[in-house]
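Notes for the one structure printed next.
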Amino acid sequence: MPMHFDLVDLQLIVHIAETGSLTKGAQALHISVPAASTRIKNLEESFGVKLFYRTSQGVTLTPPGDALVHHARLLRGQVDHLRGDMLEYAKGVKGHLRVFANTTAMEFLPAVLRTYLRTHPDINIDLKEHLSHDVVKAVGEGQTDIGIVAGDVRTEKLHVIPFRTDRLVLVVPAGHALADSQGVYFEETLELQHIGLHEGAAIHGFLRRICEALNRPFPLRIQVGNFESACRMIEAATGVGVMPHAVAMRHAQRLDIRAVPLRDEWALRELKICVRSLASLPAFARDLMDLLAADAATARDGDAPALRR
């Protein structure tokens, strides 16, 4: 069966699927609604299937339409990568790596990336922070080359290797009633005012989902841009905060704060590195994978850091 389509067709169907509207999908690509309608009709005739259910409320995907959108997103991601890589190559860069990681993983990456960039001066890295389930989705759809996730996220279709283990802790000012506690459940802390990160931070979204599962509001008093600011606010006794143990210990070296273990099972975070396929990665990306694996092995061989200060 002959199939005729182009990148505009694929972009259009993704925009329509995301907005639930043919009109908005057309507007996103700056084409007329009749032109968009013709493109969709031609696609359906080319594939021999119906792609959308059309109602007075808008459009929704049929099963074949859902499958096409999935592949269109993969192709769109690859085209975006291609465009970005070509721009970098034009500037003299020989490679471009995309790494998505959750909040906890970001704490362990600077030292590894410093070593990598010293030995790969012609490689650029695009490092972004996302929630773990979004990282898995991005790896699976080809939006990123390497992902690092924590917790129970489904990674069955990806190649996964262990990375690190860390625990989320409650950080309190010295002298706080919980400063000498041997542990506390997160739900018990919801009676306190919290210092949290901004809305886009992965850990913020994670804690909000935990609160929703508990049917409790997240008592945020202040939101800041990074963990250092959060720790300074906590030291000033404006509230408490939840963050990775490794982060808390680093800032506790110069701030008068204490880390209290969270007893919740989800607080123990098993970090994993995931890729779609090791074999499909370019050599310079596999070099980074090797460094990450070596760093993980060194951490497992070393002594576990003390949980309390």
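Taken over region 172-268, the ratio of Cα radius of gyration to 2.2 N^0.38 Å equals 0.99.
Say R0 is 22 Å: what FRET efficiency, to the nearest 0.05, do LYS157 and GLU270 get from their beta-carbon distance? So, using R0 = 22 Å, E works out to roughly 0.75. Spin-label model, GLN27 to GLU45: label points 7 Å out along the Cα-to-beta-carbon direction sit 2.9 nm apart. Using the Cβ-Cβ distance between GLU191 and ALA213 with R0 set to 25 Å, the FRET efficiency works out to roughly 0.90. Projecting the Cα atoms of THR189, GLN11, ILE148 onto the charge dipole of the chain (Cβ charges, centred on the Cα centre) puts GLN11 farthest toward the positive pole.
At the residue level, ARG300 shows approximately 150 square angstrom of accessible surface with a 1.4 angstrom probe and all protein chains present. In whole angstrom, region 118-185 maps to an equivalent ellipsoid with semi-axes of 34, 18, 11, each derived as √(5λ) from the alpha carbon gyration tensor and ordered largest first. Computed over the chain, relative contact order equals 19 percent, with contacts defined as Cα pairs under 8 Å that lie 6+ residues apart.
Helix screen, the chain: DSSP H segments with Cα axial length of 20 Å or more and mean Kyte-Doolittle hydropathy at least -1.0 are 33-47, 63-90, 283-301. The largest accessible area among ARG263, ARG269 belongs to the first residue in ARG263, ARG269, and the rest follow in falling order (1.4 Å probe, all chains). Atom-type composition of the exposed protein surface of the chain places 53 percent of the accessible area on carbon and sulfur (1.4 angstrom probe).
In nm, to one decimal, how far is the SER280 label point from the ARG254 one, both placed 7 Å along Cα→Cβ? Going from the SER280 label point to the ARG254 one covers 4.4 nm.
The values are calculated or read from the model by the stated rules, or taken from the named source; none is laboratory data. If you're wondering where the values come from, they're calculated on a predicted model, not measured in any experiment. Reconstructed Cβ throughout: ideal geometry from the backbone, glycine too, with neighbour counts over all protein chains shown. Surface areas here come from the heavy atoms of the whole protein model, side chains and all, with no ligands, DNA or RNA. Shrake-Rupley method; radii C 1.70, N 1.55, O 1.52, S 1.80 Å.
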